[in-house]
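Beneath this line is the structure, given in structure tokens, with notes to follow.
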Amino acid sequence: MTEIDLKSAGSFGEDFIDIYLKNGLGSLTKRDVDVLVLYLLVKDGRYDLPKDIFKACRELKLTEARVQNLYQEVQFKYMQYDETVAKQKFVELVENGLIEQKSNKLTFIVREPLLRQYFEEWVAAQDGFTDSSFNKNLVTVSVSTFEKILYDLMEVDYEDIQDKLINELTPLNEAQDNESLLKLFAKEFLKTAGKEAGSMSMHGLGLAFKMILFGNYG
């Protein structure tokens, strides 16, 4: 039997009882209890999902698909976050190089269920289409759809970040307004994702993305 050490067994037990009895004894189904236990294990720090998904599979004796499905419910029931956080997580995904460009398609590796839902919502808002039929962690969209998403998510004016672009992000310093900035960024994004010579670094791409979305490096 696998032993799972908890950082705070007392808090785990107290939280379990509080949530389990919230609506009365027996109100939770077995599925609800499984989701609750996984949530409390994540909260305790036993698993950093989705990074530790295979560790969780091994210790909980579950398939990868089963853990992924449970984690999706954990996020939706107990770990919701707003769109601003989703944008920050999407920037981190880009910074980590979890993108690939082939022809006129971009494939993003989105292992976190809630972030994937936000991304698909952004795509749907542009009447776009995502393809995750091969692997639901791989979300593929057309380049044109991604460019539309950039326009929709941008929260700052070009003038607010002009000095930073000129001083620190040379490939984008020819922009004159929001539209030209986004066109230049989309071009550099595709070059970087495609690993072409002369492309920006993933770090530089992440900095530019942060400025476009939030107006700073935060």
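Among ILE212, GLY198, ALA175, which residue has its Cα furthest toward the positive end of the charge dipole of the stretch 139-218, with +1 on Lys/Arg Cβ and -1 on Asp/Glu Cβ? Most positive-ward Cα: GLY198. Once the C-beta distance of CYS57 and LYS102 is scaled by a Förster radius of 41 Å, the resulting FRET efficiency is 0.85 to the nearest 0.05.
Given +1 at the Cβ of Lys and Arg, -1 at the Cβ of Asp and Glu and no other charges, the dipole of the chain around its Cα centre is 960 debye to the nearest 20.
For THR29 and LYS89, what is the calculated FRET efficiency with R₀ set at 30 Å and r taken between the beta-carbons, to the nearest 0.05? Here the calculated transfer efficiency is 0.50. Seen from TYR71, the other residues with C-beta closer than 12 Å to its C-beta sum to a net charge of -1, counting Lys and Arg as +1 and Asp and Glu as -1.
Stretching the chain fully between PHE76 and ASN216 yields a gain of 47.5 nm (0.36 nm per residue, less the alpha carbon separation).
Of the residues LEU62, LEU38, LEU25, the one that moves most in a GNM of the chain with alpha-carbon contacts below 10 Å is LEU25.
If contacts are Cα pairs under 8 angstrom and at least 6 residues apart, what is the relative contact order of the stretch 125-188 in percent?
Details: 43 pairs, mean separation 15.6, N = 64.
Relative contact order, the stretch 125-188: 24 percent.
Estimated at 0.36 nm per residue, the fully extended path between GLU196 and ASN178 surpasses their Cα-Cα distance by 4.0 nm.
Taking every C-alpha pair closer than 8 Å and separated by at least 6 residues, the mean separation divided by the residue count of the chain gives a relative contact order of 15 percent.
Spacing of the modelled spin labels on ASN167 and LEU6, each 7 Å from Cα toward Cβ, amounts to 5.1 nm. When THR192, THR130 are sorted by how many other C-beta atoms sit within 10 angstrom of their C-beta, beginning with the fewest, the order is THR130, THR192. Normalised by the number of residues in the stretch 9-78, the mean separation of alpha-carbon contacts (under 8 Å, six or more apart) gives a relative contact order of 29 percent. Compared with the rule-of-thumb size 2.2 N^0.38 Å for a compact globular protein, the stretch 9-78 has a Cα radius of gyration ratio of 1.09.
Every read-out reported here was derived from the displayed coordinates using simple, explicitly stated rules and does not represent laboratory data. The structure displayed is predicted, hence computed values, not measured ones. Note: ideal-geometry Cβ built from the backbone for every residue, glycine included; neighbour counts use all protein chains shown.
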